[in-house]
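First the structure, in the form of structure tokens, and then the observations on it.
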Number of protein chains: 2
Amino acid sequence: MSIYIALIHYPVYDRQEQVTATALTTLDVHDLARLARTYGLDGFYVVTPLRSQQALARRLINHWVTGRGAVFNPTRKEALSLVSMADTVEEALQGIEQEQGCMAKTVATTARRYAETRSYREMAELLHTGGDNPYLILFGTGWGLTQEVVEKSNYVLEPLEGKGYNHLSVRTAAAIILDRLLGGA
Amino acid sequence: MSIYIALIHYPVYDRQEQVTATALTTLDVHDLARLARTYGLDGFYVVTPLRSQQALARRLINHWVTGRGAVFNPTRKEALSLVSMADTVEEALQGIEQEQGCMAKTVATTARRYAETRSYREMAELLHTGGDNPYLILFGTGWGLTQEVVEKSNYVLEPLEGKGYNHLSVRTAAAIILDRLLGGA
């Protein structure tokens, strides 16, 4: 099975539920790259249409993959080698198709309630037995993926339910979701 | 069951395996506070003996718990209300004893190998059935908790094993560990 993740900076909601493009958080790129390497994923797309943000991400990646960071911290190189940039989710899907020879199915993650969601157990089962197609798991920054992105996805994961509190950072939510789907605990 | 977490800034290892005091990362305080709230924990101790770092943490907590941040983002207040400061692990243990009326047992987390470790399943079982005492789960910053801290703990959790890679951030590692112990998935 081939599994990719994407960190979406546009389109996502802001605090007023308006569609916005969020700024890149470099620490998120590090944390999700390290998660991708930990769970043996095939790649990690940072999705933003903003050129300045793409340039920032590329500088970060180059520093750690081919620059001085690669010598300073080889384990970080291993993780950040998995990162690619994309303008849109569609562009990420095209990249995966080129690599894998077939379209990926998308899995949306959200803290909101949607009608047709999959449990972690169901989704883990699907990933392990669900045919030859790759999967792309989408994580939203800001106040989360827009309804349009979620409803266009092939699958929607149920929200992480804490004790009446679902306000985790995207970093820690991604960690928990990947562990539930792929940790094999 | 009463469960606390502590984020340890001293004593931990630096990259050369020397004992050091790391600087506070404010984002870690936010992320771990939100995790503590999500999993219904009783408290979260930020452990550092450095006065300047304690002052920084207190400013952050006050902003979100009683200052303007509390109005701006009430869910962040709910999370950061769980945070206390301590000079040492011992001081955190004393704080818990005052609150709960009995000493907590400590659970060390580490990416290194130790002889006597508990699996996540064993530890989850212990937390649910292990008597009336509270537990304090220790997370190390920098290059991890010192051998002395780990060996003085009542329990040591097995390392998170990725596909030959165990270099997660303390934020994401804490998320995965708390979910495995308390997520009830």
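To the nearest Å, what is the center-to-center distance of the stretch A:1-35 and the stretch A:141-185, using C-alpha atoms only?
Using only Cα atoms, the two centres lie 12 Å from each other.
If one computes the Cα centroid of the stretch A:108-135 and of the stretch B:110-136, what distance in Å separates the two points?
30
Are any of the pairs A:163/B:77; A:105/A:152; A:77/A:105; B:77/B:105 more than 18 Å apart by Cα-Cα distance, and if so, which?
Working: A:163/B:77 16 Å; A:105/A:152 11 Å; A:77/A:105 28 Å; B:77/B:105 28 Å.
Cα-Cα > 18 Å for A:77/A:105; B:77/B:105; rest within.
With the cut-off at 1.5 for a/c, could you classify the stretch A:84-150 from its C-alpha gyration tensor as rounded, prolate or oblate?
On the way: a/c = 2.51, a/b = 1.12, b/c = 2.23.
Cα axes put the stretch A:84-150 in the oblate bin.
Using alpha-carbon pairs under 8 Å, 6+ residues apart, how would you state the relative contact order of chain B in percent?
Details: 327 pairs, mean separation 55.3, N = 185.
It comes to 30 percent, rounded to a whole number.
Going by amide H atoms built from the backbone, whose H comes under 5 Å of the H on residue B:106, apart from near neighbours?
B:136, B:154, B:155
Which of rounded, prolate or oblate describes the stretch B:1-156 when judged by the alpha-carbon gyration tensor and an a/c cut-off of 1.5? Present the calculation step by step, with values, prior to reporting the outcome.
Details: a/c = 1.87, a/b = 1.24, b/c = 1.51.
Here the stretch B:1-156 falls in the oblate category.
Which value results for Rg/Rh of the stretch A:1-89 when Rg is the Cα radius of gyration and Rh the Kirkwood radius based on the inverse mean 1/r? Before the final figure, lay out the partial values.
Values: Rg = 13.4 Å, Rh = 13.4 Å.
A ratio of 1.00.
Can you give the accessible area of residue A:125, probe radius 1.4 Å, in Å² rounded to 10?
For residue A:125, solvent-accessible area is about 120 Å².
Quick one: what do you get for the stretch B:40-113 if you divide its Cα Rg by 2.2 N^0.38 Å?
Details: Rg = 14.2 Å, N = 74, 2.2 N^0.38 = 11.3 Å.
Output field value: 1.26.
Out of A:82, A:41, A:27, any idea which swings most in a Gaussian network model of chain A, alpha carbons joined below 10 Å?
It is A:27.
With +1 on each Lys and Arg Cβ and -1 on each Asp and Glu Cβ, how big is the dipole of chain B about its Cα centre, in debye rounded to the nearest 20? List each step's numbers first, then the result.
Numbers: 18 positive and 20 negative charges, 151 e Å.
Dipole of chain B, to the nearest 20 debye: 720 debye.
Which value, in debye to the nearest 20, describes the size of the charge dipole of the stretch A:99-185 about its Cα centre when Lys and Arg Cβ atoms bear +1, Asp and Glu Cβ atoms bear -1, and nothing else is charged? Show your work: numbers first, answer last.
Numbers: 9 positive and 10 negative charges, 60 e Å.
Using Cβ point charges on Lys, Arg, Asp and Glu, the stretch A:99-185 gives about 280 debye.
Can you list the equivalent-ellipsoid semi-axes of the protein assembly as shown, largest first and in whole Å, using the square root of 5 times each Cα gyration tensor eigenvalue?
On the way: eigenvalues 222, 98, 94 Å².
After diagonalising the Cα gyration tensor, the semi-axes are 33, 22, 22 Å.
Counting other Cβ atoms within 10 Å, which trypsin sites (Lys or Arg not before Pro) in the stretch A:1-64 have at most 15 and lie in a DSSP loop?
On the way: sites: A:15, A:34, A:37, A:51, A:58, A:59; in loops: A:15.
Loop-located and lightly packed - A:15.
To the nearest 10 Å², what's residue B:78's accessible area with a 1.4 Å probe?
80
Which value, in Å² and to the nearest 10, is the accessible area of residue A:163 when all protein chains are kept and the probe is 1.4 Å?
Taking all protein chains as shown, residue A:163 has close to 130 Å².
Which residue in chain B puts its Cβ closest to the axis that rotates chain B onto chain A, and at what distance in whole Å?
Here the value is B:175, 2.
Tell me, what is a quarter of the convex hull surface for the C-alpha atoms of the stretch B:105-185, in nm² with one decimal?
The number I arrive at for the stretch B:105-185 is 5.5 nm².
The values are calculated or read from the model by the stated rules, or taken from the named source; none is laboratory data. Everything numeric here is computed off the predicted structure, so don't read it as measured data. Neighbour counts are summed over all protein chains in view; Cβ atoms, including those assigned to glycine, are modelled from backbone coordinates with ideal geometry. What goes into the accessible areas is simple: the full protein's heavy atoms, side chains included, and nothing from ligands, DNA or RNA. Shrake-Rupley method; radii C 1.70, N 1.55, O 1.52, S 1.80 Å.
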